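Chemist: Have a look at the structure that comes next, please.
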Amino acid sequence: MTQTELINKVAEEQGLSKAKSEKVLKAVLSTIKEAISKGEEVRLSGLGTFKIGQRSERKGRNPRTGEELTIPAKKVVRFVANKAVREAVNTVGTSK
């Protein structure tokens with residue numbers, strides 16, 4: 001689903017204009033981005049948690065030359081889905 005499709009779906013389900021839905025979605029995403037950039041966890045009930053993780057320095061290879069290189073350590077954004085989302089994903093395509 002693209003951002004535009006999400007905006008259209010929210011507008012349809014909530015009876016809002018597409019412009020209003022887009023404004024709300026952009027505000028939510030901006031707030032999440034701001035919180036994560038400050039190192040805060042963002043917990044969305046019914047969805048999951050965004051948090052900052054640390055990736056260690058490691059060795060890698062240049063695929064063209066095969067030359068070994070060092071990939072520096074860095075912070076990464078991690079998303080951990082909650083139990084309900086994980087269960088929903090695992091039941092897609094299966095009959096109960």
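No value in this document is a laboratory result; all are computed from the given coordinates. What you see is a predicted model; the values in this text were computed from it and never measured. Cβ placement follows ideal geometry from the backbone for every residue including glycine, while neighbour counts extend to all protein chains displayed.
Chemist: Return the total of residues in segment 3-38 being part of a helix (DSSP H, G or I) and closer than 30 Å to Q54 by Cα.
Modeler: First, pick out the residues of segment 3-38 that are part of a helix (DSSP H, G or I): 3-14, 18-37.
Among the residues that remain, those that are also closer than 30 Å to Q54 by Cα are: 3, 25-37.
Adding up the residues that qualify gives 14.
Chemist: Which one is nearest to P72 (Cα to Cα) among residues in segment 1-40 that are acidic (D, E) and surrounded by fewer than 12 Cβ atoms within 10 Å (Cβ to Cβ)?
Modeler: The residue in question is E34.
Chemist: May I ask you to list the residues in segment 42-96 that are in a strand (DSSP E or B), closer than 30 Å to L29 by Cβ and small (G, A, S)? If you could, list the steps in order and put the result at the bottom.
Modeler: Taking segment 42-96 as the starting set, the residues that turn out to be in a strand (DSSP E or B) are 42-44, 48-55, 58-61, 68-71, 74-81.
With closer than 30 Å to L29 by Cβ added as a condition, the list becomes 42-44, 48-55, 71, 74-81.
Across segment 42-96, the qualifying residues are G48, G53, A81.
Chemist: Quick check on my filter: what residues within segment 41-52 are surrounded by 10 or more Cβ atoms within 10 Å (Cβ to Cβ) and not aliphatic (A, V, I, L, M)?
Modeler: Listed by number, the residues that qualify are E41, R43, G48, T49, F50, K51.
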